[in-house]
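Contents: one structure, followed by commentary.
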Amino acid sequence: MTKVLLQGGTLVDATGIRSGLDVLIDDSEIAKIAPSISPPRGAHLIDCDGCMISPGLVDLHTHLREPGNEEAETIESGTRAAVAGGYTAVVCMPNTEPPIDNATVVRDILAMSKEALCAVIPAGTITVGRGGEKLSPMVEMNACGVKIFTDDGRGVQRASVMRRALEYASALGATIAQHCEVEDLTANTVMNEGYLSSIMGVQGAPNCAEELMLERDLELAALCNAQIHFMHLSTHGSVELVRRAKLAGMQITAEVTPHHISLTDDMLSGYNPIYKVNPPLRTREDITALVRALSDGTIDAIATDHAPHVRESKELPLDQAPPGMIGLETALAVAITVLKGDYSEIDTSRKDRSGNSQSSRAHSTKSNSTKSKYDNSSSARAGKINSSYSERLTVDPSVLQYSMNMIDIIAAMSWKPAAIAGLDVASGGRHGGPILPGAPANLTVFDPSASWKVDATQLLSKSRNSPFDGLSLTGKVRHTIYEGEPVYLDGRATK
Amino acid sequence: MAERERKLATPRGGVFVPRSQVMSADDVKRALVRIAHEIIEHNKGSDNLALIGLQTGGVQIAFELKDIISEIGNAEIPVGTLDVAFYRDDIQLRPVLPEAATAIPFDITNMAVVLVDDVLFTGRTVRAALQALSDFGRAKSIQLAVLIDRGHRELPIRPDYVGKNLPTRLTEQVDANLEGVTIGDVIKGRP
Amino acid sequence: MSPLQNALVSIGDLNRDDISHIMKLSAIFSEVLRRDIPKVPTLRGKTMAMVFSEDSTRTRTSFEIAAKKLSMDILSLNSSQSSMKKGESLKDTLANLHAIGADGFVIRHSSSGVPTQASTWMTVPVINAGDGCHEHPTQALLDCYTLIERFDTPGNYTTDGTILNCFNGMTVTIVGDVEHSRVARSLVIMLDMLGAKTTLCGPGTLMPRHVNKWPVRVSYHLDEVLPETQVCYILRLQNERGSGTYLPSIREYAMNWGIDSKRASLLPETAVIMHPGPINRGVELAGEIADSSRSLILNQASNGVAVRMAVIYLLLANPGDLTLNTGNFVPIRQANRMTDEPAS
């Protein structure tokens, strides 16, 4: 029916990078790939000069908030944000109200998602009501298409329950995704436990609260010979545990969020709840370890943990505000800005790419006085007064050695998460596969070198809690094609 | 006080450039001796008499007057200092800080109190001083002695004892102390 | 430039010179407080909103009296009975108070960081009257004033900065629940700035995890540090800590970290005892020590008003450039009559 012609982009997929090709899309499939395809009559022409075309991005970790908290986000607004971020499929988390812990809710969400701008794949809970005690009816949910089960927002605290969950899910071929957090160690915590939390007088969550559960679950997964996916890893210790398990041959996967590879706990120094997230923003050392793990494949995927919250809830005292930050629309840009150390390989751009200066510290923001409290020198004082937004998201030099090429970055955001979620072509899905004639037309067109400044008020998400507001990033999604339809074109969602 | 404050204060601040001396140290001394005599005459002696110098310019002059009066009347009279920053009506119009302390180590109730200042200009400092003094007690009378009256009053205030009436332009500045009285201008900008 | 731009949320907002200015101004206000009518019209017509989400006796009354002595009107809000309980966001609550006519805010909150947040939301001055476990800057300032009153050598007060010389090398031991103490956090920052040597002492559970990066020495044995302590600053032990996982029992705490007569005798002759109040008599501090001549506890309370007047004045009267303030400053020792009378 609809014909769409992508003109002059550089293709990037699991097979490599190909330049100077046009892509003709007919209905929901790719019809032809060739240099200079003459536009068929009535075709929608999309200029991709200077851009890269990749398989559509897949997010393993999105909170769409519907049903229950539609004020913060809905399936409609959330998928609009998703396509603005280049995503053609999102796995939505089950911590809705009511939670996705039975087939009825799954079917409701699938029905509500029919008109969504991209594919919405519900994850189901591991336990009923995310209570951590009684297993959810995974079989009936699996029959409706649910392939990932998680109590995200909480970890399964009891080892015995986790063991049963792993046994039950692995028999279905489904994946248990764990939010690693020993709640006994994180009660009332608002941020990373460290020097900063100690002088700010707030409760901090120690790294080991995450690592203890990760370690336990590795043992349980080995015991049950089960598939397990670890969500939003945040500490260098977690990375080491996963690396060792993978070396030992375990079939495990792991994800990291854009914010955990770009922001440190310094952001909390002004007590701004925008930067409160669970697991909390950690330290430069953790960022370096996470980036290294991404580049060597220890961590498989970048997942957003897009967690919308209404404005009022982020204007509460830090300890009362809910954790979470939105990330769908900035994920690719943050990944490119942080991970893409040098641009020589992707010299497809017409634009001047100066300004990629790498500053010496993870970026700081307003009211950063706390750090210099013990330094009474005049320079510290001047620094406080002059503190303002550093315009660009700056990248710690220590991560530069682990910079990744564009294929690996897109792999972590498209076909690897697609495989984890069972959405890849091999599993019968339509996401993340190579861009070939006959393949499903789920594509992302992005300019890898465009620099843009995040303005939270312009985001398509219903919520505004972006930690990157005001910062400049490199890499901008231009167009998103979902099932052959341009759902996002030049900065606008088409429905 | 008013003059010094204006001289130093931002944002009107600037550098005081003296133009001409209108009284020498000897002139000042003679004027103060005359004022001392007038005070004693007006109050019929120095009993129940107290001097209060307004911070900062009036303090030095008040202590000098005390010495002269004590010599003439052969009796010690008490001296206090008063800072009126907290009583001014122009807070926030320009910087006002208590540059110096208030110390009135005696009870002013039923005393004849002579307020002493260097230069009388708009009268606002004196107004503030009158209000401040009322918080310390009920004086029998309050009189005003100034070394220089340069005019331009903005309030119905009139000195009882004047060293010299000095007609000035509004923009001029007067620096008055025991070493002499100088008239000059304030040049914008800091050195 | 005034030391206080638009807020006092942390002692770290100030530098040494700023503290010196505030101390001098406090001395001047303590003179005002000794007048027959101890009130000045300076801030007539201005309204101070007192937003207290936590019970507080001395801090609240001290701030209220300070504002009233400056002729301010008080708009009092106890958030436990306010719309904050009804789910209104804190920002909305403050914006409404500002719209009603508040010219400044004094905020105490059980959550750390609320005054910091408020100062980024509001265009009018915000003063932190204690936030969660974060800071209590005016307490540190009044403690500074109290210590100068006690330890400053006469003649040291005439020029900028030297008023703080008595802190050079002063040994201060802060005893007790440092982890949950906002007073301790403000004190540690200030004492470091002023050149004092601070030791923290208390049970391991009540020491912050990353205290090794603080500019302090840490000891777990009180008896070892007392002989070299000039200022023994005792923190309040919240009784609920004893029932939680922090302490085996209040009794065990009192026996090891409470100051009784026997322990107080380990202190040098000239050492003083301080406590931010309210005191758990018999737990962290024995009654007879709290009431002894070496206790500065009542001086702390009485100095609070003058110090808070100074802070309010600096923030609300907009006095501008403090470098104008030269010389002729009244000795604190003379200005405050409390020193002439032994603490009762």
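Bear in mind these aren't lab numbers, they're just calculated from the coordinates by the rules spelled out. Quick caveat, the model's predicted, so the values are computed rather than measured. Virtual Cβ from ideal backbone geometry, glycine too; neighbours counted across all protein chains shown.
Roughly what would the spin-label model give for residue B:154 and residue C:120, points 7 Å off Cα along C-beta, in nm?
Placing both labels 7 Å beyond Cα along the Cβ direction yields 4.1 nm.
I want the antiparallel fraction of DSSP beta bridges within the stretch A:82-213, as a percent rounded to 5.
Working: 1 of 10 bridges.
The antiparallel proportion sits near 10 percent.
Hey, which of these cross-link pairs are over 32 Å Cα-Cα: B:164/C:24; B:29/C:24; A:147/A:246? Write out the running numbers ahead of the final one.
Working: B:164/C:24 36 Å; B:29/C:24 34 Å; A:147/A:246 22 Å.
Pairs exceeding the cut-off: B:164/C:24; B:29/C:24.
Using label points projected 7 Å from each Cα along Cα→Cβ, tell me how many nm separate residue B:47 and residue C:44, to one decimal.
3.7
Quick one: order A:179, A:306 by neighbouring beta-carbon count within 10 Å, fewest to most.
Details: A:179 24, A:306 33.
By the 10 Å Cβ count, ascending, the order reads A:179, A:306.
Quick one: which residues, 5+ away or cross-chain, put their amide H under 5 Å from the amide H of residue A:462? H built at 1.01 Å from N.
A:74
Gap in Å between the Cα centre of the stretch A:53-111 and the Cα centre of the stretch B:141-191?
Cα centres, the stretch B:141-191 to the stretch A:53-111: 78 Å.
When only alpha-carbon atoms count, how far does chain A stretch along each of its three principal axes, as whole angstroms with the largest first?
68, 58, 45
Cα to Cα, under 20 Å, and not fewer than 8 places away if on the same chain: which aspartates and glutamates meet these conditions relative to residue C:46?
In chain and number order, the partners are B:89, B:90, C:64, C:73, C:103.
For the protein assembly as shown, what is one quarter of the convex hull surface built on the Cα atoms, given in nm²? Walk me through the numbers on the way to the answer.
Working: hull surface 193.0 nm².
Spelled out: convex hull of the Cα atoms, projected over all directions, averaged, 48.2 nm².
With +1 on the Cβ of every Lys and Arg and -1 on the Cβ of every Asp and Glu, and nothing else charged, how large is the dipole of the protein assembly as shown about its Cα centre, in debye rounded to the nearest 20? Spell out each step's value before the answer.
Working: 100 positive and 119 negative charges, 282 e Å.
The dipole magnitude comes to about 1360 debye.
Apply 1/(1 + (r/R0)^6) to the Cβ-Cβ distance of residue A:107 and residue A:223, taking R0 = 35 Å, and write down the FRET efficiency to the nearest 0.05. If you can, show how the numbers build up before the last one.
Values: r = 34 Å, r/R0 = 0.96.
Working from the Cβ atoms, E equals 0.55.
Per residue of the stretch B:157-162, what does 6.51 cos²θ - 1.76 cosθ + 1.60 with θ = phi - 60° give for ³J(HN,Hα)? Whole Hz please, x for Gly and Pro, Karplus curve as stated.
Taking θ as phi minus 60°, the curve returns 10, 9, x, 8, 9, 10 Hz for the stretch B:157-162.
Mind jotting down the distance between the C-alpha centroids of the stretch B:24-93 and the stretch A:198-266, whole Å?
One Cα centre to the other: 80 Å.
Only helical DSSP H runs with n ≥ 4 go in: add -39500 (n - 2.57) per run for the protein assembly as shown, normalise by residue count and round the 222 nm mean residue ellipticity to 500 deg cm²/dmol. Please report the intermediate quantities before stating the final value.
On the way: 30 runs with 301 residues, N = 1030.
Helices in the protein assembly as shown give a 222 nm mean residue ellipticity of -8500 deg cm²/dmol.
For the stretch A:118-185 and the stretch A:1-39, what is the centre-to-centre distance using only Cα atoms, to the nearest Å?
With the stretch A:118-185 and the stretch A:1-39 each reduced to a Cα centre, they are spaced 39 Å.
For residue B:144, list long-range residues whose amide hydrogen, built 1.01 Å from N in the peptide plane, is under 5 Å from its own amide hydrogen.
Close amide H contacts, sequence-distant or interchain: B:115, B:160, B:161.
Could you put C:236, A:65 in order, starting from the residue whose Cβ has the fewest other Cβ atoms within 10 Å? Numbers along the way, then the final one.
Values: C:236 19, A:65 27.
Ranked by crowding around the Cβ, least crowded first: C:236, A:65.
For the protein assembly as shown, what proportion of DSSP beta bridges, expressed in % and rounded to the nearest 5, is antiparallel? Before the final figure, lay out each step's value.
Values: 50 of 137 bridges.
Antiparallel: roughly 35 percent of the beta bridges in the protein assembly as shown.
Which whole-Hz ³J(HN,Hα) couplings does the stretch A:80-92 yield from phi under the Karplus relation 6.51 cos²θ - 1.76 cosθ + 1.60, θ = phi - 60°, glycine and proline marked x?
Per residue, the Karplus-derived 3J(HN,Hα) values read 5, 5, 4, 5, 5, x, x, 8, 10, 8, 10, 8, 8 Hz.
Taking other Cβ within 10 Å of each residue's Cβ, how do A:257, A:104, A:74 sort, fewest first? Present the calculation step by step, with values, prior to reporting the outcome.
Numbers: A:257 27, A:104 13, A:74 19.
If I rank by nearby Cβ atoms, fewest first, I get A:104, A:74, A:257.
Efficiency by 1/(1 + (r/R0)^6): what FRET value for residue C:288 and residue A:188, r their Cβ-Cβ distance, R0 = 35 Å, to the nearest 0.05?
Working: r = 38 Å, r/R0 = 1.07.
That gives a FRET efficiency of 0.40.
Taking +1 at the Cβ of each Lys and Arg and -1 at the Cβ of each Asp and Glu, which of A:99, A:168, A:281 sits farthest along the dipole of the protein assembly as shown towards its positive end, judged by Cα position relative to the Cα centre?
Most positive-ward Cα: A:281.
How large is ³J(HN,Hα), in whole Hz, for each residue of the stretch C:32-37 in order, when computed from phi with the Karplus curve 6.51 cos²θ - 1.76 cosθ + 1.60 and θ = phi - 60°, using x for Gly and Pro?
These are the phi-based 3J(HN,Hα) values: 4, 5, 9, 6, 4, 10 Hz.
When DSSP assigns beta bridges and you keep just the ones with both residues in chain A, what percent turn out antiparallel, to the nearest 5?
Details: 33 of 63 bridges.
Counting only bridges with both partners in chain A, antiparallel ones make up about 50 percent.
Per residue of A:189-200, count partner chain C-beta atoms within 10 Å of its C-beta, then hand back the mean as an integer.
Details: counts 0, 3, 0, 0, 3, 3, 7, 2, 4, 12, 12, 10.
For peptide A:189-200, the averaged partner shielding equals 5.
At what distance in nm do the modelled label points of residue C:262 and residue A:494 sit from each other, each positioned 7 Å from its Cα along Cα→Cβ?
Computed distance between label sites residue C:262 and residue A:494 equals 8.5 nm.
Mind listing the long-range amide H neighbours of residue A:228? Cut-off is under 5 Å, sequence gap 5 or more, other chains count too, H placed in the peptide plane at 1.01 Å from N.
A:253
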